1. Multiply the residue separation of THR243 and SER231 by 0.36 nm, subtract the distance between their alpha-carbon atoms, and state the gained length in nm to one decimal.
2. With the other protein chains left in place, how much accessible area per residue, in square angstrom, belongs to segment 56-115 at a 1.4 angstrom probe?
3. Compute the distance in nm between two label points, each set 7 Å from the Cα along the Cα-to-Cβ direction, one at ASP68 and one at SER177.
4. Quick check: with the 1.4 Å probe, what order do SER177, SER77 take by accessible area, largest first?
Amino acid sequence: MRRAAGTKRSALPVVAALSLAVLFSAGCSGGDDTSAYGEPTPSATEVTESPTPSPTPPYPTDASGCHDNKGWTTAESVDWVKLDVDTPKQNSGSGDLEFSSIPGYLGPLCHKITVQVEFWKLVYGVADGDGGESLSDGTRPDYYFDIRRVKRVEVRADAAGERRIALPKSLYSDDRSPCVGALLTITVGKPLKSKELPKEVEVGGSQDVWDRETVEFRSERVADYELSEPSAPQVCSPDGRPTADPADVPPPSAEPTDLFPTDLYPSPSYSWDLDDILRSPTP
């Protein structure tokens, strides 16, 4: 991408010499002078643009047709898996999780990497004040959650071929309880242990640059994840059961539907009487 700039000071003398040679040969040939003057003078130098180099793939293959990943660290394996896998939201075509196969870009790798795909059920409840961990910042109610694994699939990934993993229907059904959320994790190596799981999974928390809800894991082995939040945790009891229709209980962050709510604009403590203003002054 870098282009070097420079100057060529010898170009003008060369052009002049070539022009004289053309005129002299035309005069000696005895031909029509107008033909010599009418033809353009050839350029002394030609400038050609060098072709733009093709970008180097992150994992090019060697003579054996694969990318040598022997001795990779966990961090290097995690970086590769981030490119290899597409989560359901990223893979909008089918909604499944997909391991890609792009020869020359992802390898394929010479040595397969063990990857764990795990689906977790999150059951949320509103903290009753004494139980549950406090997660709020003072602007929304406190929720706590219970987490348990629903499905695990071990994949030996090397990008030699594509593979799809379907979501567990019971966890991602349309009639899922408003108190239930889902967490998908893609991890390098062994299955996640309880001490590596997140302590907090907030509702309506911060998002990253890809508009994805942020989840903080206690492990460096997590290559990717995807959170599906509960639809209405505000109606859930401390034991994670809905106690009301979500349509009747708006979420805490909901804006008022009344454009001019009376409680936001109290009546003034004084008033003006039009008759008092228009009344003639008393003599």
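The values are calculated or read from the model by the stated rules, or taken from the named source; none is laboratory data. Small disclaimer: the values here were computed from a predicted structure and weren't measured. Neighbour counts run over all protein chains shown; Cβ positions are idealised from the backbone, glycine included. Heads up: the accessible areas ignore ligands, DNA and RNA and are worked out on the full protein's heavy atoms, side chains in. Shrake-Rupley method; radii C 1.70, N 1.55, O 1.52, S 1.80 Å.
1. Values: separation 12, 0.36 × 12 = 4.32 nm, distance 1.38 nm.
Contour length minus the Cα-Cα distance gives 2.9 nm.
2. Numbers: 3030 Å² over 60 residues.
Accessible surface, normalised per residue, equals 51 Å².
3. Distance between label points: 5.4 nm.
4. On the way: SER177 40, SER77 15 Å².
I get SER177, SER77, largest accessible area first.
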